[in-house]
Amino acid sequence: MHFMDYDFKVKTASERDKVEELFEYEGCKVGRGTYGHVYKAKRKDGSDTREYALKQIEGTGISMSACREIALLRELKHVNVINLQRVFLSHSDRKVWLLFDYAEHDLWVRIITTLSTRLHAVFDS
């Protein structure tokens, strides 16, 4: 039984899509999120020209809070929420990658910029 499990594990690992084979993201770090680093990524094969955000979950394995975030993002579909496209699991180095649509600006940066602009308008008048 043990050998069958091992063979199955090897077979599925060889068939699993690997983020580093599908996307170009080296040297394209755009920020840091709650759980890890975020990179701007493009498909290596050129099958589409869209840009993606690729978030690497920090550490090995996955925390319960990251698990909850992933579960919520997979269910949540709204025009004002960035779409989670796919989750990649790398069993060799125990990394988790999240593939999102790319947005040029972070929502928090937008909020701060808007508040700052409005405060300047109030105090400058």
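Taking the chain as the reference, fit the longest principal axis to its C-alpha atoms, fit the long axis of helix 2-15 to the helix C-alpha atoms, and give the angle between the two in degrees, 0 to 90, nearest 10. Roughly 50 degrees, rounded to the nearest 10. Taking all protein chains in place and a 1.4 Å probe, what share, in percent, of the accessible surface of the chain do carbon and sulfur account for? Of the solvent-accessible surface of the chain, carbon and sulfur hold 57 percent.
Just the accessible area per residue of the stretch 6-124, please: how many Å² with a 1.4 Å probe? Could the numbers behind the result be given before it?
On the way: 8690 Å² over 119 residues.
Each residue of the stretch 6-124 exposes 73 Å² on average to a 1.4 Å probe.
Taking Cα atoms only, the orientation of helix 64-75 departs from the longest principal axis of the chain by about 80 degrees. Which shape class, rounded, prolate or oblate, goes with the stretch 6-124 when its Cα gyration tensor gives a ≥ b ≥ c as root eigenvalues, a/c under 1.5 marks rounded, and past that a/b bigger than b/c marks prolate? Prolate shape, in that a/c is at least 1.5 and a/b is the bigger ratio.
The values are calculated or read from the model by the stated rules, or taken from the named source; none is laboratory data. Keep in mind the model is a prediction, meaning the values are calculated, not measured. Accessible surface areas use protein heavy atoms only, side chains included; no ligands, DNA or RNA. Shrake-Rupley method; radii C 1.70, N 1.55, O 1.52, S 1.80 Å.
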